[in-house]
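Laboratory data are not the source of any read-out in this text; all were calculated from the coordinates shown. In this text, all values refer to a predicted model and were calculated from it rather than measured experimentally. As a convention, Cβ positions derive from the backbone with ideal geometry for all residues, glycine included, and neighbour counts pool all protein chains shown.
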Amino acid sequence: NLLTAGNLACGFFSLTWIFKYDPLVTGFEPIQVAIRLILAAFACDFFDGRVARIARRESQFGREFDSLADIVSFGVAPAFLVYRIVLHQFERTGWLVAAVYLVCGGIRLARFNVLTHVGAGKGKEEFIGFPIPLAAALVVSVTTFMIALAEHDWQLGRDVAIAISTDG
C-alpha cells in the first residue's frame, strides 16, 4: 500500500506542476517535472502488485486503492497534461476530448476490478481492454515528442509528424 500511496502522490504532485505551466512565463519546465512525476508513478505502480504478491499480501482493498491511484496518475494527470499543452486551443472540444480519455480510463479500471472480483477463486486471470498506464504512456510519449519539437524548433520533425498524422 505504500507503493500505491506513492503512485497516488506522484499523480497529485504532477497535477500541481501542470497547474504551474504558463508558456509565456515558465516555458516547459513545469511540464517536464510533471512528466517525470508520472514516470515515477509508473515505477510505483509497476512494483506495488509485485511486492504484494511476493509478500502474499494481495487484498481487495489493495486492488481498489491501486485503481483509485491509477485514475489520478494515469487518467486525470495525463488528460489535464494534454489539455494544457494542446487541447486548450480548442475550447469546448478540448475539454470533451480530455474528459472522454479520463472516462474511458475510469470505465476500464472499474471493469477490470469487477472482472477480477468475479473471477476470484477460479484461478483465472482475465485481461480485457487497453490498460490505463499504457494509455498514459502514449500521452506522455507524444507530449515529450511535442516538447522536443517546440524546444528545438525542428521544422523537419514537424513536417514529418504532420505528414504522418494527415497521411494516416
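Per-structure values
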| read-out | value |
| --- | --- |
| Taking segment 1-137 and dividing mean pair separation by its residue count, relative contact order in percent (alpha carbons under 8 Å, at least six apart) | 26 percent |
| Prolate/oblate/rounded call for segment 1-83, Cα gyration tensor, a/c under 1.5 rounded | prolate |
| Glu58-Ala99 pseudo-label distance in nm [points 7 Å out on the Cα-to-Cβ vector] | 3.7 nm |
| Distance from segment 134-151 to segment 72-107 (C-alpha centre basis), Å | 14 Å |
| Length released on extending from Ala137 to Gln32, taking residue separation times 0.36 nm less the Cα-Cα span | 36.4 nm |
| Sorted peptide list for 55-67, 2-14, 24-36, criterion being average Cβ within 10 angstrom, highest first | 2-14, 24-36, 55-67 |
